[in-house]
Amino acid sequence: MRANWWKVLAVILLAYTIIAGLLFEAPRLPILNETIRALHFHVTMWFGMIIMLVVAVIYSVKYLRSGNLQDDDIAIEFTNAAILFGVLGIVTGMLWAKFTWGDYWSGDPKQNAAAIGLLIYFAYLILRNSLVDVHQRARIGAVYNIFAFAAFIPLIFVLPRLTDSLHPGNGGNPGFNAYDLDSNLRMVFYPAIIAWTLLGVWLASLRIRAKRLERILEDKLINQ
């Protein structure tokens, strides 16, 4: 039970995020109104995604230095979890955009950059699956993962700020820090970041364990 305390915490925080995010008092801001509750899902999922991508890059570098496939397992599965949250982040963002901008997809620079960023990582998965040799797949995948992250960060955080955008924090539009994140929002926002991140770690750890068991079984079959 001691080793699983963080899983219990993840469940508690996720339940809190969903219930509090939908039911707690929220500030009535112009245009946003009740849709500001999407902040606890859309934005926090992307925070979790970035954290998992950072972990994936660290283990990609570790693989290139060690050649240990266990490092590659961590890199690919944390990337998979990050991609899942990236997709969920775009979907929740589209729902939010429908109510605040009038359309699910308006070609906003932030939306387009997010889509391009995800396509870069989809290409990463396709590249890995196209390679048969395990070590070649891990090595090329690690190099691609590092460069993908190096391209993803400016694509998401820098380029949209250089153009006019409807997205808060871009093109002269105020970000939520300008509203000083109302205390009611803070009570959910920060726990939500931890909750989604822990969920991503949980999903990645399950897939890492399954991958390693699969490798052990394959080795046993080869040695028989």
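Observations, loosely collected:
- Of the numbered criteria (1) outside any helix (DSSP H, G or I); (2) in contact (Cβ under 8 Å) with a residue 40 or more places away in the chain, the one residue 28 fails is (2).
- Among the residues making up segment 142-152, a single one is over 24 Å from residue 89 (Cα atoms) and either among the charged types (D, E, K, R) or surrounded by 17 or more Cβ atoms within 10 Å (Cβ to Cβ) (or both): 142.
- Qualifying residue in segment 54-64 (condition: open to solvent by less than 40 Å² (accessible area, probe 1.4 Å), over 26 Å from residue 113 (Cα atoms) and more than 19 Å from the chain's Cα centre (by Cα)): yes
- Matching residues in segment 91-143 - criterion: being small (Gly, Ala, Ser) and in a helix (DSSP H, G or I): 93, 97, 113, 114, 115, 117, 123, 130, 138, 141, 142
- Whichever residue in segment 89-136 is open to solvent by 50 Å² or more (accessible area, probe 1.4 Å), among the hydrophobic types (A, V, I, L, M, F, W, C) and closer than 22 Å to residue 159 by Cα and, among such residues, is farthest from the chain's Cα centre (by Cα): 101
The values are calculated or read from the model by the stated rules, or taken from the named source; none is laboratory data. Being a predicted model, the structure only gives us computed values, none of them experimental. Reconstructed Cβ throughout: ideal geometry from the backbone, glycine too, with neighbour counts over all protein chains shown. Remember, those area values only see protein heavy atoms, side chains included, never the ligands or the DNA or RNA. Shrake-Rupley method; radii C 1.70, N 1.55, O 1.52, S 1.80 Å.
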